[in-house]
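One structure below.
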Amino acid sequence: MYLRSPIKVFTSIFLPILLLVFFGTGLDTLFPNISLPYDFVEFFFPGILALSVTTMALSSTMSIVWDREFGFLKEILVSPVPRSHIALGKILGAATTGIIEGALLLLISPFLNIQFSLKLYLEGLVIIFLIAYGMAALGIVLTARMARTESFSFVLQIIIAPMVFLSGGLFPLTNSPIWMIKLARFNPLTYGINSLRWAILENTLPIKIIQELTTSNFVSSLCILIAFNFLITLLSIQLFKKIR
């Protein structure tokens, strides 16, 4: 469905690039290299990439609410296919759209003065998939009890806004107030962005600088992200089984 809609593909790629070019460049003028030992766009890119994938994965699960509202979901649920398989199929479908978007956006990294390599690209795709998968599973959890698309859109905004601002995608959390740092520790997206930032910037910035831009190291962030995906998958399957 994603690749069959050229307008959706264009907008999903165009909007993040627009933010990088204008918002990222504009903020870079406020923080010149004299005061920051890195280009702000280099910091900004992994965050925008992860947030774009998150939005795509979460919004893709809205099809469940749509099918439920118009009665199509009942036809799916009465099929002999186990509900756990249906839930996993929905998660993987939403994650696939996220990884396609991420794969396209990763290709612009050389134009942002980021040292591009095949290793960077492959590692980035794996982490993008993990982020998209976790957010898609979270979307299943949110949609399991909803019957109208308007409710999902409202809840989606409530969920995404705190996750975005507490993720470290738009500004470094290391210099944030203590209460914000403590809340960010419970945000799975924080660890996804940390992992992605380590993978993308490891050949561009010194390790010391990357440590200042993230709240945890690469291994810890990746392990926590995988653990979240495992737990949210179990929860999403259980809630999906209770849909009537």
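List of remarks:
- The ranking of 148, 197 by Cβ neighbour count inside 10 Å, starting from the fewest, reads 148, 197.
- Debye-sum result for segment 82-228 in log10 I(q)/I(0), which assumes one identical scatterer on each alpha carbon, at q = 0.11, 0.17, 0.21, 0.22 Å⁻¹: -0.46, -1.04, -1.39, -1.46
- Each Cα pair of segment 184-244 feeds into the Kirkwood radius, which the Stokes-Einstein equation turns, at 10 °C and 1.306 mPa s, into a diffusion coefficient of 124 µm²/s.
- Between residue 226 and residue 212, the simple spin-label model (points 7 angstrom out along Cα→Cβ) gives 3.1 nm.
Since every read-out is calculated from the coordinates, none of them should be taken as a lab result. Not measured: the values here are computed from a predicted model. No Cβ is skipped: glycine too gets one built from the backbone with ideal geometry, and neighbour counts run over all protein chains shown.
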